[in-house]
Amino acid sequence: MIKLEQSWLNEIGDEFEKPYMKRLKEFLQAEKDAGKVIYPKGVEIFNALDTTGFDNVKVVIIGQDPYHGEGQAHGLCFSVREGVDVPPSLVNIYKEIEASCGKQRPKSGDLTHWAAQGVLLLNATLTVRRAEAGSHQNKGWEEFTDAVIRAVNEKHSNIVFMLWGAYAQKKGAFIDRKKHLVLTAPHPSPLSAHRGFLGCGHFVKANQYLSENGKQPIGW
């Protein structure tokens, strides 16, 4: 039995019976059998879904890969555990919030408090091999996370989708812009943040949209 928050099981539980998911499970088992270290640890692979129930989703932020360094990844995109150095992309996210919302940058990179408020922090790929970025791409996770996004797109209305960088924008291309707010910008990575992520105003725009649609804004 898959351990997953019940509201998500109700929506996408069928995915676990599909051939691609069975192949993915076999791949992950083979990785473990070969002694590979995989991040995040098993109980945290579905942390984004477990922390933000299907019925509570207000905002979706799409990342690509979990962090592949020791002790960083814990199942929420862009987020790191308490006590871990804030990664460069998250530093730029905090800079944008500070500039646009006037909120002082936190010392912690743990975004669990966002997830608890309805921000689905979803990586496209939910696992990675230690020190090998992208090592679990194209093994089936992308199909699963497409199903997650599709369920939110189809069953909800007035959700804010934040698509940063070409990868996220391509993954979110099918989102219905007539019933959701889709915000796009360059990736917050130091390589691209200066090309339009900094100054994008996404966090202010998201809260304005939520308020206009009768939803509680996010405390960024």
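Read-outs throughout are calculated quantities, based only on the coordinates presented, and are distinct from any laboratory measurement. These numbers come from a predicted model, not from an experiment. Reconstructed Cβ throughout: ideal geometry from the backbone, glycine too, with neighbour counts over all protein chains shown.
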Is the range 73-175 best put as rounded, prolate or oblate by its Cα gyration tensor, with a ≥ b ≥ c the root eigenvalues, rounded for a/c under 1.5, and otherwise prolate when a/b is larger than b/c, oblate when not? oblate
So which of K139/K171; K25/K139; K95/K171; K103/K215; K18/K139 end up more than 19 Å apart by C-alpha? K95/K171; K103/K215
Percent of beta bridges antiparallel (DSSP, the chain, rounded to nearest 5): 20 percent
Part-to-part distance (alpha-carbon centres) for the range 181-220 and the range 1-34, which is given in Å: 32 Å
Which FRET efficiency value, to the nearest 0.05, is calculated for F16 and A116 with the Förster distance at 35 angstrom and r the Cβ-Cβ distance? 0.90
From DSSP H assignment alone, runs of 4+ in the chain each adding -39500 (n - 2.57), the sum over residues rounded to the nearest 500 puts [θ] at 222 nm at -10500 deg cm²/dmol
Please get the size of the charge dipole for the chain, origin at its Cα centre, with Cβ charges of +1 on Lys and Arg and -1 on Asp and Glu, quoted in debye to the nearest 20. 440 debye
Among I97, W114, G63, whose Cα lies farthest out toward the positive end of the dipole of the range 1-118, if unit charges sit on the beta carbon of Lys, Arg (+1) and Asp, Glu (-1)? I97
Output the relative contact order of the range 45-126, whole-number percent, from Cα pairs under 8 angstrom with separation of 6+ residues. 46 percent
Using modelled backbone amide H atoms (1.01 Å from N, in-plane), which distant-in-sequence or interchain residues come within less than 5 Å of N123's amide H? G63, C77
In nm, spacing of pseudo-spin labels at S211 and R129 (7 Å Cα→C-beta vector): 4.9 nm
Three-way shape call for the range 11-94 based on the alpha-carbon gyration tensor, with the a/c threshold at 1.5: oblate
May I ask you to evaluate 6.51 cos²θ - 1.76 cosθ + 1.60, the Karplus curve with θ = phi - 60°, for each residue of the range 48-57 and list the ³J(HN,Hα) values in order in whole Hz, giving x for glycine and proline? 4, 6, 5, 7, 10, x, 3, 6, 9, 5
Folded to 0 to 90 degrees: helix 141-155 orientation relative to the chain principal axis, Cα: 50 degrees
